[in-house]
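Here, each number is a calculation from the coordinates, and none is a lab measurement. Everything numeric here is computed off the predicted structure, so don't read it as measured data. Note that each Cβ is placed from the backbone with ideal geometry, even for glycine, and that neighbours are counted across all protein chains shown.
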Amino acid sequence: MRAYTITTINICFVLQHIIRPKLLLEAYERNVTIYGINIKKIMSKMKPENNHGLKRVFRATGFSMQGLKSAWKNEAAFRQETVLACLMLPIALLLNISSTERILLIMTVLIVLIVELLNSAIEAVVDRVGDEIHPLSGQAKDIASAAVFLSLVLCAVTWSIVIWPLLF
């Protein structure tokens, strides 16, 4: 059997779900103790101290890398689009086109990846909220999927317009 330790973040998570958020915020502002726990002391530990300057940039970069690894591991669409990007970006660099056209080709490929990451994040949040079927959950997922579709169309149209004169 695994032993679980209670951390300050676990306590805050539980308190946020047991106690109404407005009451929790009020307890934080007044430095009140609830259930023998000093709310202000616990909630102040949730945000790291001295998180500014280069240290913040390095921490943010680490979190970004974790996000990319998670997307690669858990999202098949992101893996497929990343493989396509790895094929398309060298082509964009090797083609005999103007700098503006090259930037357009590269940017549209990156836009697809960015929108796919946002889509995955929206889907994860919707799935986290609950398992029950709700029209707004479906709407959020559908809209995020539509954004990916439009980014793919933009990429395809841009590449077609730029490459067509080179082929014929």
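Estimated from the Cβ-Cβ distance and a Förster radius of 30 angstrom, the FRET efficiency linking ALA147 and ARG102 is about 0.75.
A Förster radius of 22 Å combined with the Cβ-Cβ distance from LEU110 to SER70 puts the calculated FRET efficiency at roughly 0.70.
Between ALA121 and ILE163, the simple label model (points 7 Å from Cα in the Cβ direction) yields a spacing of 3.0 nm. Paramagnetic label reach from LEU95 (point 7 Å along Cα→Cβ; backbone nitrogen cut-off under 17 Å): within the stretch 150-168, residues 152-168.
Spherically averaged projected area of the convex hull of Cα atoms, the stretch 54-167: 9.2 nm². Sparsely packed loop sites in the stretch 98-141 (the GluC sites (Glu not before Pro) outside DSSP H, G, I, E and B with at most 13 other Cβ atoms within 10 Å) comprise GLU132. Using a cutoff of 8 angstrom between alpha carbon atoms and counting only pairs six or more residues apart, the relative contact order for the stretch 54-167 works out to 27 percent.
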